Amino acid sequence: MASSRFIFFLSSGVLVLMMFTQALAQPAFLNKFCLNDTGNYTTNSTYQRNLNALLTSLPASNNNTGYGFYYSFNGENPNRVYAIGHCRGDIATDDCRSCLNDSRVGLTKLCPNQKEAIGWYDGCMLRYSNRSIYGIMETEPSFNLFNTQDVASSISEVFFQQLEKLLESLKSQASSAGPLRKFAFGNTTAGAFQNIYALTQCTPDLSEKECSDCLEGAFGQYTALGLRTIGGRIIRPSCNFGYEISSFIDPANVVPLPSSTSPPQPSTNTTAPGGSKGNKSRTIIIVVASIGTLLVALIISISKCLRVRKTQDNLEKKIIPGEDVDDIQSSEALHFDFDTIRDATNNFSDANKLGEGGFGSVYKGHLLNGEVIAVKRLSKDSGQGISEFKNEVLLVAKLQHRNLVRLLGFCLEGNEKLLVYEFVPNTSLDHIIFDPIKRTQLDWDRRYKIIVGIARGLLYLHEDSRLRIIHRDLKVSNILLDAELNPKIADFGMARLFVPDQTQGNTSRIVGTYGYMAPEYAMHGQFSVKSDVYSFGVLVLEIITGQKNSCFRPGGNAEDLLSYAWKSWKEGTAANLIDPTLRNGSRSEIMRCIHIGLLCVQDNIVDRPTMTSISIMLNSYSLALPVPSSPNFFMTSRTDPLLEMDYSSTVIESDQSKSSSSLINASVHDDSTEIFPR
């Protein structure tokens with residue numbers, strides 16, 4: 001088959017562009033859906049350019065597990081595009097990328113103006129949307145495939161009994177396979193001569209429970225069809241399964257998972273696969289409709305990459321751990337005019353006030369385009385000065401994760417310091433979890449979802465963002481809940497950056513909230529990812545009990561939550577920690593979370609797990625947990641045993657030569673007061 005090749009060079013002034021075209025037909029999708037609910041885009045719009053750039057780079061994206069799962073996003077709202085590519089577990093790496101390249105060409109042609117679409121080949125799935133789709137279990141749109149030949153009536157009953165047992169086993173294997181790949185396959189026999197082969201798979205961004213639930217629903221969906229055929233499949237966005245009486249899986253291409261929990265770099269397999277009807281080698285097809293248009297697009301893309309890289313380099317130079325930021329990078333995309341925000345909030349009216357904290361008030365606002373925003377207006381005499389304000393702008397503007405609150409922009413005009421965030425409708429977690437009436441809205445499934453979401457957001461800060469970020473003020477009031485009660489970590493005014501190889505920082509200016517501070521931080525000013533882990537452990541125990549750590553009163557007696565939790569664990573009565581309003585839910589899952597919480601608040605910083613380990617613990621019930629050691633009960637030395645610690649952020653100016661008891665007996669003042677050791 002004839003092909004044409006175009007080669008252009010431009011390196012150091014010479015453009016290198018190699019393109020191959022072959023007169024091959026675009027392969028047909030098993031199925032595709034062009035979704036209209038989220039709207040359409042126009043030709044040559046910003047959204048289309050963002051979409052094309054994203055899909056072109058997706059198979060080479062850094063946001064991939066190396067095991068056939070790719071996710072990324074591109075652009076700024078309202079033209080941001082999110083994409084996920086997912087290949088079957090027995091598809092070789094090169095064939096996976098080829099399949100995704102075929103998908104991006106075919107799907108954008110078949111859904112030319114839809115902002116959201118999804119399509120499946122036999123070996124891969126591609127989906128994109130203008131909403132975040134990572135970490136969300138979705139069962140629709142779905143479809144089924146089935147063989148037209150029925151199982152012989154003589155073995156029909158035993159066939160489907162054995163199939164059910166096989167699928168249940170594979171569901172368990174896929175669900176607990178870990179965060180890199182949730183895929184399992186196997187075979188069984190029905191009678192003396194009939195083989196059954198099957199596979200189950202979920203997208204690896206799901207938790208173990210979400211994967212299990214998705215597959216269970218898919219099994220039920222197939223059973224409801226009443227089919228008795230020798231082969232069938234149910235395919236959903238988040239999971240799929242299939243079975244046949246002949247082998248359709250290529251075990252040679254199932255790359256073993258490493259013993260390390262860190263995602264490996266994508267491997268390259270140049271060996272042509274054999275035997276699998278779903279694993280055919282594909283040639284990357286790039287049809288050159290207009291060389292001039294492609295050149296322009298390439299130049300625009302290169303220019304954009306250079307601008308982004310230059311901006312990132314500038315930010316990296318400006319943000320140095322332990323030092324204040326000198327100035328905010330000028331950005332039209334992030335800057336809001338003060339009059340615009342004042343009009344949006346009705347001149348910061350009390351009717352629009354959402355709440356008030358240590359550094360000022362938060363207001364709800366409506367922009368002229370209809371977008372709802374939350375505006376953090378720092379008080380003129382707040383503890384958060386210009387350096388903290390700049391720190392929060394530069395930090396949060398670079399963070400993009402579904403479990404982190406999204407910064408839309410800022411305003412710095414005269415004495416006014418304003419931060420503009422996405423509006424999160426269900427306020428902060430403390431308004432619900434500590435309210436004896438409202439917390440009944442949070443059953444265990446919702447609380448577990450919140451715990452897992454916080455863990456994912458913190459893991460992103462510690463390991464997956466471009467720079468390691470220590471939050472330093474993780475607490476329930478800094479966890480916001482969206483319309484679906486998904487958690488979003490907020491308030492990065494206290495956060496600090498670490499360079500990649502840095503493991504610990506020291507400060508004489510201890511900031512944060514006393515009840516959540518790790519002992520090494522509260523007493524010696526030492527902070528690290530493990531001090532955030534400590535705060536996470538306190539937060540987990542509070543979510544389970546529905547009570548504050550600082551004023552926990554079991555049976556009417558004042559005792560801090562950590563000491564009571566540890567004592568209950570040692571005595572085998574940890575079930576007493578569970579919020580009485582939790583009448584349903586997996587008791588073993590709750591007890592496992594109590595165990596994880598105690599591991600996080602251990603006194604020895606080395607013994608505390610990392611967020612990577614915690615995420616694996618939360619997503620794999622089969623993983624044995626180590627025995628926790630005791631936490632540090634430094635809160636029990638309070639002068640007044642009935643004193644309720646203030647849960648607003650505090651600043652402690654600590655003389656490192658003072659004894660730790662000076663901090664223990666610190667006076668508690670209002671939000672804006674600094675606490676000095678006596």
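For the residues L257, L215, L180, the requirement of being in a loop (DSSP other than H, G, I, E, B) and under 29 Å from E116 (Cβ atoms) singles out L180.
Looking only at region 560-574, residues that are under 13 Å from P631 (Cβ atoms) and free of Cβ contacts under 8 Å to residues at least 12 places away in the same chain come to 3 in all. The number of residues in region 89-116 that are surrounded by 21 or more Cβ atoms within 10 Å (Cβ to Cβ) and closer than 18 Å to A28 by Cβ comes to 10. Exactly one residue among T573, T581 is out of contact with any Ser or Thr (no Cβ under 6 Å at 6 or more places or on another chain), hydroxyl-bearing (S, T, Y), more than 29 Å from A177 (Cβ to Cβ) and in the same structural domain as H524 (by TED's automatic domain parsing), and that residue is T573. The single condition from (1) within 29 Å of E208 (Cα to Cα); (2) part of a loop (DSSP other than H, G, I, E, B); (3) not basic (K, R) that P112 fails is (1). The set of residues in region 104-131 being of a type outside the set (A, V, I, L, M) and over 30 Å from R406 (Cα atoms) consists of G106, K109, W120, Y121, D122, G123, C124.
The values are calculated or read from the model by the stated rules, or taken from the named source; none is laboratory data. Quick caveat: nothing in here was measured; it's all calculated off a predicted structure. No Cβ is skipped: glycine too gets one built from the backbone with ideal geometry, and neighbour counts run over all protein chains shown.
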